1. Can you name every residue in the range 1-42 that is polar (S, T, N, Q) and either touching a residue at least 60 places away in the same chain (Cβ under 8 Å) or closer than 18 Å to residue 92 by Cα (or both)?
2. Which pairs do you get when a residue that is free of Cβ contacts under 8 Å to residues at least 40 places away in the same chain and among the polar types (S, T, N, Q), found in the range 43-63, comes within reach of a residue that is surrounded by fewer than 13 Cβ atoms within 10 Å (Cβ to Cβ) and in a helix (DSSP H, G or I), reach meaning Cβ atoms under 7 angstrom, with the pair 6+ apart or on two chains?
3. Can you pull out every residue in the range 70-112 that is among the hydrophobic types (A, V, I, L, M, F, W, C) and free of Cβ contacts under 8 Å to residues at least 12 places away in the same chain?
Amino acid sequence: MDCLFCKIIAGEIPSKKVYEDEQVYAFYDIDPQAPVHFLVVPKEHISGPSGINEQNEAVVGHIYSVIAMLARELHLDKGYRVVANCGEEGGQTVGHLHFHVLAGRMLSWPPG
Ligand code: 5GP
Ligand code: ZN
């Protein structure tokens, strides 16, 4: 399958790893939007938020617990934001489920 993040998970495209286990891979975003900006993705290919279903939903809970653990390790004590973009109007550009973790500056709300 021609998927950028599957290639990153497989090591075919280099990335700066934050964390890895059997289910997930986390790596720094190539175009950071905050002083800390990394992505957490399931190793299983899921097309995006709209591809989550009863068969694969467990990994989403695992991803959130991994994010909480990484936030402690990286001392993101002042807070952080988790974002999953979906579809064209949601701003999704890569068709493999990913959770942005942004931190290190005051983040505005609502998003543009
Ligand atoms: P989306 O726009 O789909 O929510 O997020 C995709 C993210 O992937 C973007 O923030 C973009 O900067 C990042 N990205 C795209 N290509 C690469 C790459 O080759 N390596 C890394 N580390 N990040 C990438
Ligand atoms: Zn993929």
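FYI, it's all coordinate maths here, none of it is from the lab. Just so it is clear, the model here is predicted, and its values are computed rather than measured. Because the Cβ atoms are built from the backbone with ideal geometry, glycine has one as well, and the counts that use them run over all protein chains shown.
1. In the first step, residues of the range 1-42 are kept if they are polar (S, T, N, Q); the result is 15, 23, 33.
Once the filter is applied, which keeps residues that are polar (S, T, N, Q) and either touching a residue at least 60 places away in the same chain (Cβ under 8 Å) or closer than 18 Å to residue 92 by Cα (or both), the range 1-42 yields only 33.
2. Partner pairs satisfying both residue conditions: 50/87.
3. Here is the first cut: in the range 70-112, the residues among the hydrophobic types (A, V, I, L, M, F, W, C) are 70-71, 74, 76, 82-84, 86, 94, 97, 99, 101-103, 106-107, 109.
Listed by number, the residues that qualify are 106, 109.
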